[in-house]
Amino acid sequence: MTCSLPTDQQLSRQETWSTALHWVSSNKSLIRQIASPYIKFMVGDYEDLYQEAAIASVKALITSKKKESPERFIPFFRVIFKTSCIKLASGIQTVHCLEDYLLPCPEEPNEETSEPEEIEIEQALQAVSKRQREICRWLLHQSTPASTPDIAREFNISRRHACRVVSESIQKIEGTIR
């Protein structure tokens, strides 16, 4: 079910990363199995999941090396990776199919209501950092919903960082409303 790992305790950083990446590519079904309870709540895709698995496997390799027990790699990996999955799942829940939800049609913009909304938006955006505010304003000005890769391209950041920025912004803004 899983590939064995080298028992050499003197792996360099490059060797550790290459070993972790090889292990992840050889054990994708195990990774999906561990992540299966959380995958529907995660913002990212399988590529992001495998990146998290690579990070978790590096951490597990380092831990098993420190504890001098290479046979404990998989239990260490399971704990570290499951923790990462829980953290990823605590972000924004994605909507897989908009047709499943009855969304109201947007109302015609009214000059009387648009000005107070702008004031409320600016007040809410004061809770976030300057960079988060910039990203939030950009998102609000898009004519169609923007995806994480769109945000990443626009602001020259990784998709995972874009997810984190949006998630943290929402949490901070919700904190000011309550």
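Just so you know, all these numbers are worked out from the coordinates, no wet-lab data involved. Nothing here was measured: the structure is a model prediction, and the numbers come from that model. Cβ placement follows ideal geometry from the backbone for every residue including glycine, while neighbour counts extend to all protein chains displayed.
One table, with the values for the structure above:
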{"quantity": "Candidate lysines - alpha carbon under 27 Å from Lys40, same-chain residues fewer than 8 apart omitted", "calculated": "Lys28, Lys59, Lys82, Lys87, Lys172"}
{"quantity": "Förster radius 35 Å - calculated FRET efficiency between Ala127 and Ser25, Cβ distance, rounded to 0.05", "calculated": "0.25"}
{"quantity": "Positive minus negative residues near Thr83 (Lys, Arg vs Asp, Glu; Cβ under 11 Å)", "calculated": "+3"}
{"quantity": "Fewest-first sequence of Tyr38, Tyr46 by Cβ atoms within 10 Å of each Cβ", "calculated": "Tyr46, Tyr38"}
